[in-house]
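Some notes on the structure that comes next.
The values are calculated or read from the model by the stated rules, or taken from the named source; none is laboratory data. Bear in mind that the values here come from a model prediction, so they are computed numbers and not experimental data. Neighbour counts are summed over all protein chains in view; Cβ atoms, including those assigned to glycine, are modelled from backbone coordinates with ideal geometry.
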Amino acid sequence: MQTYHDITHDGGSDIIGQVNDLANRTRSRLEGVDHVIAVMSGKGGVGKSSLTVNLAAALAEAGPVGIIDGDINGPSVGRMAGVRGRPLQRGALSILPALASGPSVIKVMSMDLFLEGETSPVLWDAPTQRDGYAWRGLMEAGALREFISDTEWGKLNYLLVDLPPGSDKLPNLADVLPAISGAIVVTLPSAVSLAVVGRSIQMAKEILDTPILGLVENMSGYVCPECGHLDELFPTGEVERLASEVEVPILGSVPFDPLISTCADQGRFYVREYPDRPAAASIRAIADKMITLL
Amino acid sequence: MKFLCMECDEAMSLESTDGPERGSMSVVFGCPSCGRKIAMLTNAMETQVVRSLGVKIGGRTVPSEPMEMVRGSLVNRRRNISDTLGPVETSPQNVELEESKCPFTGMVNDAFDNKASIQWSDAARRRMERIPDFARQMVMKGVEDAAREQGLHEVTESVLDDVRGRLGM
């Protein structure tokens, strides 16, 4: 009796052909993109999205940059980049990304742009919502694939993909987008964050070929808004210990500044609004290191 | 997934598809040698898994629309999105082919185009505005589905009164 592997076709659907077509579409869509960078962290609440939009603003000073909000269920990049509510427009077999206001080109695609209200949950139409654990993850992966392959990205120096928390997110991205140039890992200097982030790095290193460009220590200290004095928020030295353990470089440390959050809430780019603040200087230095590494 | 006719030891070919009917697809395969037919019947979860993969059982006859899955499957999408982007649909000449070979296009179109075909009276729409943003789209979808089941093309206040008990409005 023939086995599965003896039979060369699937009866008429050509599922493998369809999957290859999807992969080819992704590849051709990104032909004008020089570098795809994943911004990841195993831990939530480390300031990954606000760092992503500000890195994008810093990188965009040298040329066009795109941001994909990979957090399908909890999109926030649309608001942070000031494009939430912008009307979407259709291109040739594609959707045009939202263009952030300002002197440089920052293109954004996020679930934020598709949702009715800012507090609308992401609900997928389905014959039944029961047993959704079996397909919701697939829908999220499918949405991420469409954001990559169906957005008219055009020419970009960098496409940043802001991934949601979870050690499985980078492998998921690699499944739909094999050509990732590198990943940046964001962490807080707390022991809990470092442990979770360390796990994510090890997973990425063990099962993927994606190079880890380095660690970014976010909220590394507190800058007094009055006198500019930098105080510690967490014990020092822990990030260096992790970096040494997992053998990845530290790209930089970004001190906590309440103005980062204020700007994010108002859809403005902190590095543009407050270029002289210590955190803005740190973010620019990280962007410069990324350019050098790539 | 492949199907084998054990008597002929030959791979079966897809012959027809039907549905989705209450979330279930019927996909018929036949043996090219002896003509024996079998039907694969999917449950709702299996149907949704195939849909979420972005592939179509029976193969594609027309290229996919941009953001087809997101636009076709997101319940709480922005109301004006079809105005700016156009509906997710197939050209009329391909509808018959799509219906016979491509069941999941039907689901996508159900989720997108048919909603646009239900009109709302001003009074009914005003009543919907009392519902919080996050729940409004879900409620409207439920009302439109109920109207469709009754063969109606417009939601009026009397339609709302009719379905409010069922939806707890």
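Just to be sure I understand, how many residues within region A:204-229 are surrounded by 15 or more Cβ atoms within 10 Å (Cβ to Cβ), at pLDDT below 80 and either over 20 Å from A:Gly166 (Cβ atoms) or touching a Pro at 6+ places or on another chain (Cβ under 7 Å) (or both)? The total comes to 2.
Here's the yes/no breakdown for (1) at pLDDT 70 or above; (2) more than 14 Å from chain A (Cβ to nearest Cβ); (3) out of contact with any Asp or Glu (no Cβ under 8 Å at 6 or more places or on another chain); (4) in a helix (DSSP H, G or I):
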residue	(1), (2), (3), (4)
B:Phe112	no, no, no, yes
B:Ala123	yes, yes, no, yes
B:Arg127	yes, yes, no, yes
B:Ile131	yes, no, yes, no
B:Met138	yes, no, yes, yes
B:Leu152	yes, yes, yes, no
B:Leu160	yes, yes, yes, yes
B:Arg164	yes, yes, yes, yes
B:Met169	no, yes, yes, no
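Take A:Gly78 and tell me if it is surrounded by fewer than 15 Cβ atoms within 10 Å (Cβ to Cβ) and either in a helix (DSSP H, G or I) or facing chain B (nearest Cβ under 8 Å) (or both). Taking the combined requirement at face value, the residue does not satisfy it.
Check region A:92-103 and report whether any residue there is surrounded by fewer than 24 Cβ atoms within 10 Å (Cβ to Cβ), under 12 Å from the mean Cα position of the chain (by Cα) and outside any strand (DSSP E or B). Within region A:92-103, not a single residue is surrounded by fewer than 24 Cβ atoms within 10 Å (Cβ to Cβ), under 12 Å from the mean Cα position of the chain (by Cα) and outside any strand (DSSP E or B).
Checked against the criterion of being β-branched (Val, Ile, Thr), more than 14 Å from chain B (Cβ to nearest Cβ) and surrounded by fewer than 24 Cβ atoms within 10 Å (Cβ to Cβ), the candidates A:Ile106, A:Ile180 yield just one match: A:Ile180.
Exactly one residue out of B:Lys37, B:Lys2 is more than 9 Å from chain A (Cβ to nearest Cβ), touching a Phe, Trp or Tyr at 6+ places or on another chain (Cβ under 9 Å) and among the charged types (D, E, K, R), and it is B:Lys37. Candidates in region B:40-55 are the residues that are more than 7 Å from chain A (Cβ to nearest Cβ) and touching a residue at least 24 places away in the same chain (Cβ under 8 Å); of these, the one that is surrounded by the most Cβ atoms within 10 Å (Cβ to Cβ) is B:Arg51. The one condition from (1) closer than 21 Å to A:Pro171 by Cα; (2) among the small types (Gly, Ala, Ser); (3) in contact with a Leu (Cβ under 8 Å, 6 or more places away or on another chain) that A:Ala56 does not meet is (1). If only residues of region A:142-176 that are more than 14 Å from every other protein chain (Cβ to nearest Cβ) and of a type in the set (A, V, I, L, M) are counted, the one that is nearest to A:Glu247 (Cα to Cα) is A:Leu170. The residues listed here are A:Val271, A:Val186; of these, the one that is part of a strand (DSSP E or B), β-branched (Val, Ile, Thr), within 14 Å of A:Leu55 (Cα to Cα) and at pLDDT 90 or above is A:Val186.
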